[in-house]
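**Student:** Pasting a structure below so you can have a look.
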Amino acid sequence: MTHISLQNLACLRVSVPLGEVLLAASPKGLAGAWFTQGQRDAPDARACTNTAGHPVLEQAASEMLEYFAGRRRRFDVAVDLSGGTEFQQAVWLALLTLDFGHTTSYGALASQIGRPRAVRALGVAVGANPVSVIVPCHRVIGADGSLTGYAGGLERKMALLQLEGVL
């Protein structure tokens, strides 16, 4: 499990239809996006003060609002995934290749990164994704089509997939 420290990160809170999201940026890009309520492993939002005017945070907030309004299908904001292990980073980068409105299974994603037998480890890495919505871990479903775990809660996962026309 990877836990991101908010120390030395710029932060901004943005309200989206599924709740408030805490965005955190490093000098390299967006390092975190967590729902402030009901998200497993989210950092304590009180540890961070808003940094209005930060270009990465403003871009991420704008793109996220466009996504929820149905006007954006992919995110262009730079992301900083360096807070994860080498394996986690490989999984998170693979998640970025998943297109809007499409899903994949954990097994297919494991094969995509060249680790077909690492399905359980891949599931843990997907669950530790620090950049919710923008790094689309919600697009990974069970092999049988079931909606399996989502750190932000299954109701949010379902809502995101409905927004994308999958459900």
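**Student:** Can you find a residue that is aromatic (Phe, Trp, Tyr), surrounded by 14 or more Cβ atoms within 10 Å (Cβ to Cβ), in contact with a strand residue (DSSP E or B) (Cβ under 6 Å, 6 or more places away or on another chain) and not in a loop (DSSP other than H, G, I, E, B) anywhere in segment 80-100?
**Tutor:** no
**Student:** Turning to a different aspect of this structure: Within segment 42-56, which residues are in contact with a strand residue (DSSP E or B) (Cβ under 8 Å, 6 or more places away or on another chain) and open to solvent by 40 Å² or more (accessible area, probe 1.4 Å)?
**Tutor:** Passing the criteria: 49, 50, 51, 52, 54.
**Student:** Same structure again: Out of curiosity, is residue 94 at pLDDT 95 or above, closer than 20 Å to residue 16 by Cβ and of a type in the set (Gly, Ala, Ser)?
**Tutor:** In short, no.
**Student:** Would you check if residue 59 is open to solvent by 60 Å² or more (accessible area, probe 1.4 Å) and part of a loop (DSSP other than H, G, I, E, B)?
**Tutor:** no
**Student:** Assess whether residue 152 counts as being out of contact with any helix residue (DSSP H, G or I) (no Cβ under 7 Å at 6 or more places or on another chain), at pLDDT below 95 and open to solvent by less than 20 Å² (accessible area, probe 1.4 Å).
**Tutor:** Considered against the rule, which asks whether it is out of contact with any helix residue (DSSP H, G or I) (no Cβ under 7 Å at 6 or more places or on another chain), at pLDDT below 95 and open to solvent by less than 20 Å² (accessible area, probe 1.4 Å), residue 152 comes out as yes.
**Student:** A further question follows. Has segment 83-100 got at least one residue that is in contact (Cβ under 8 Å) with a residue 40 or more places away in the chain, more than 25 Å from residue 164 (Cβ to Cβ) and touching a Pro at 6+ places or on another chain (Cβ under 9 Å)?
**Tutor:** Yes.
The values are calculated or read from the model by the stated rules, or taken from the named source; none is laboratory data. Computed from a prediction, not measured in an experiment: that's the story for all the values here. With ideal geometry, Cβ positions are generated from the backbone for all residues, glycine too; neighbour counts draw on all protein chains shown. Side chains are part of the model used for accessible areas, which takes the heavy atoms of the whole protein and leaves out ligands, DNA and RNA. Shrake-Rupley method; radii C 1.70, N 1.55, O 1.52, S 1.80 Å.
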